[in-house]
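This report refers to the structure that appears directly beneath it.
The values are calculated or read from the model by the stated rules, or taken from the named source; none is laboratory data. Everything numeric here is computed off the predicted structure, so don't read it as measured data. We place every Cβ from the backbone using ideal geometry, glycine too, and count neighbours over all the protein chains shown.
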Amino acid sequence: MANLKEIRNRITSIKSTMQITSAMKMVSAAKLKKAQDAITAMRPYSSKLTELLQNLSATLDSDSGSTYSKQREVSKVLLVVITSNRGLCGGFNSSVTKEVTKTITEKYAGKKVELFAIGKKGAATLSKTQKVVSTRNDIYDDLTFDNVAAIAEKLMELYIDGTYDKIELVYNQFKNAATQLTQVEQFLPIKPIEGGNVSAVNSDYIFEPSKEEIVLALIPKSLKTQLYKAMRDSFASEHGARMTAMHKATDNAKELRDDLLLKYNKARQAAITNEILEIVGGAEALKN
């Protein structure tokens, strides 16, 4: 059995760890509220903009379609991997990196796949086995629409000039504080409406200047919004995952502390009992 000093030192160390994990949990909870409000408010706008764009695009002739929506043979793919800059958030980052590896080996087997990493953790892990052509770790310092739009513009340029035939986003979608859903979402070319269902958006409206010009103006805005929504989803998911991980870590530390306290009290009681036995034995020896 470990001596009392060793157990006491372990208890002190665990109490310090509990203070850290508890503080991190509260910080993440505060940040999560703000991030959750932002993504919740943004989703209806993003969904409606995407729906409007898809409906308008579907009514256009193929010859008048945008270069962003034309399908071409896929030989070179870019995956935009969105992770965090910091750890201590459970399986948040590993779920994304695992999905990237799975996508490369299964979905794009035999294709040339390169990565654009947003977040230090994803870049550090995937650069060991995959080709990371670019990183952006500073975006979380000021996560605004304008800063994300600059990245979206760069991705659009890479697609238009033929550097890549397809661009996809891999990120964690926020569901709640305890649940994040890993998504592989097509960014470019613009995904057509599934099943060919087009709402009657074109029958009762007069388009000015023209339907084609409106679509061409909406596409860049829609793509920027799509990337910004993915970043916001990932940001909220990160804080939810970290809050949950730190809550579990605090609970585990409490359980370990209680076990050590029980062990410490037993060891202390045994030591006191031994001292009493030694005193009684010495007293009996003096009598004899």
Check: Just one of the numbered conditions (1) out of contact with any Asp or Glu (no Cβ under 8 Å at 6 or more places or on another chain); (2) within 17 Å of LEU223 (Cα to Cα); (3) of a type in the set (A, V, I, L, M, F, W, C); (4) modelled with pLDDT of 95 or more is not true of LEU115; which one?
Finding: (2)
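Checking the conditions here, which among TYR159, TYR140 is among the aromatic types (Phe, Trp, Tyr), part of a helix (DSSP H, G or I) and within 26 Å of ALA217 (Cα to Cα)? Before you say what the answer is, go through the steps one by one.
Numbers: TYR140 fails: within 26 Å of ALA217 (Cα to Cα).
The match here is TYR159.
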Next item on the list: Hey, could you check segment 100-132 for residues that are surrounded by fewer than 16 Cβ atoms within 10 Å (Cβ to Cβ) and touching a helix residue (DSSP H, G or I) at 6+ places or on another chain (Cβ under 9 Å) and say which is farthest from VAL77 (Cα to Cα)?
Entry: THR129
Notebook entry, point to check: When both residues are 6+ apart or on different chains and their Cβ atoms are under 6 Å apart, which pairs have a first residue that lies in segment 77-100 and is closer than 10 Å to GLU238 by Cβ, and a second that is among the β-branched types (Val, Ile, Thr) and in a loop (DSSP other than H, G, I, E, B)?
Noted result: ASN93/THR83
Next item on the list: Examine segment 180-189 for a residue that is aliphatic (A, V, I, L, M), outside any strand (DSSP E or B) and either surrounded by fewer than 14 Cβ atoms within 10 Å (Cβ to Cβ) or modelled with pLDDT under 90 (or both), and state whether such a residue exists.
Entry: no
Check: What number of residues within segment 77-91 are more than 10 Å from GLY122 (Cα to Cα) and at pLDDT 95 or above?
Finding: 4
Next item on the list: Could you please let me know if THR135 is without any contact (Cβ under 8 Å) to a residue 40 or more places away in the chain, buried (at least 19 other Cβ atoms within 10 Å of the Cβ) and of a type outside the set (Asp, Glu)?
Entry: no
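Out of the residues in segment 176-186 meeting the condition of being in contact with a strand residue (DSSP E or B) (Cβ under 9 Å, 6 or more places away or on another chain) and in contact (Cβ under 8 Å) with a residue 60 or more places away in the chain, tell me which one is nearest to LYS33 (Cα to Cα). Even if it seems obvious, please write down each step before you answer.
From segment 176-186, those in contact with a strand residue (DSSP E or B) (Cβ under 9 Å, 6 or more places away or on another chain) are 180-186; that's our starting set.
Filter again for in contact (Cβ under 8 Å) with a residue 60 or more places away in the chain, leaving 180, 182, 184.
Details: GLN180: 15, THR182: 21, VAL184: 25 Å.
For segment 176-186, the residue satisfying everything is GLN180.
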Notebook entry, point to check: Of (1) closer than 25 Å to ARG86 by Cβ; (2) exposed (fewer than 12 other Cβ atoms within 10 Å of the Cβ), SER22 satisfies all except one. Which?
Noted result: (2)
Item checked: Failed condition for GLU153, given (1) under 18 Å from the mean Cα position of the chain (by Cα); (2) touching a residue at least 12 places away in the same chain (Cβ under 8 Å); (3) surrounded by fewer than 18 Cβ atoms within 10 Å (Cβ to Cβ); (4) assigned to a helix (DSSP H, G or I) -> (1)
Next item on the list: Would you check which residues across segment 249-270 are surrounded by 13 or more Cβ atoms within 10 Å (Cβ to Cβ) and either over 51 Å from the mean Cα position of the chain (by Cα) or without any contact (Cβ under 8 Å) to a residue 24 or more places away in the chain (or both) and list them?
Entry: ASN252
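Please find, among LYS70, LYS48, the residue that is over 30 Å from LYS31 (Cα atoms) and either surrounded by fewer than 19 Cβ atoms within 10 Å (Cβ to Cβ) or at pLDDT 95 or above (or both).
Details: LYS48 fails: over 30 Å from LYS31 (Cα atoms).
Among LYS70, LYS48, only LYS70 is over 30 Å from LYS31 (Cα atoms) and either surrounded by fewer than 19 Cβ atoms within 10 Å (Cβ to Cβ) or at pLDDT 95 or above (or both).
Right, TYR171: in a loop (DSSP other than H, G, I, E, B), surrounded by 18 or more Cβ atoms within 10 Å (Cβ to Cβ), touching a residue at least 60 places away in the same chain (Cβ under 8 Å) and touching an Asp or Glu at 6+ places or on another chain (Cβ under 8 Å) or not? Don't jump to the end; show me each part of the working.
Numbers: in a loop (DSSP other than H, G, I, E, B): no; surrounded by 18 or more Cβ atoms within 10 Å (Cβ to Cβ): yes; touching a residue at least 60 places away in the same chain (Cβ under 8 Å): yes; touching an Asp or Glu at 6+ places or on another chain (Cβ under 8 Å): yes.
Spelling it out, it is not the case that TYR171 is in a loop (DSSP other than H, G, I, E, B), surrounded by 18 or more Cβ atoms within 10 Å (Cβ to Cβ), touching a residue at least 60 places away in the same chain (Cβ under 8 Å) and touching an Asp or Glu at 6+ places or on another chain (Cβ under 8 Å).
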Next item on the list: Could you list, in sequence order, all residues of segment 5-38 that are touching a residue at least 60 places away in the same chain (Cβ under 8 Å) and among the polar types (S, T, N, Q)?
Entry: THR17, THR21, SER22, SER28, GLN36
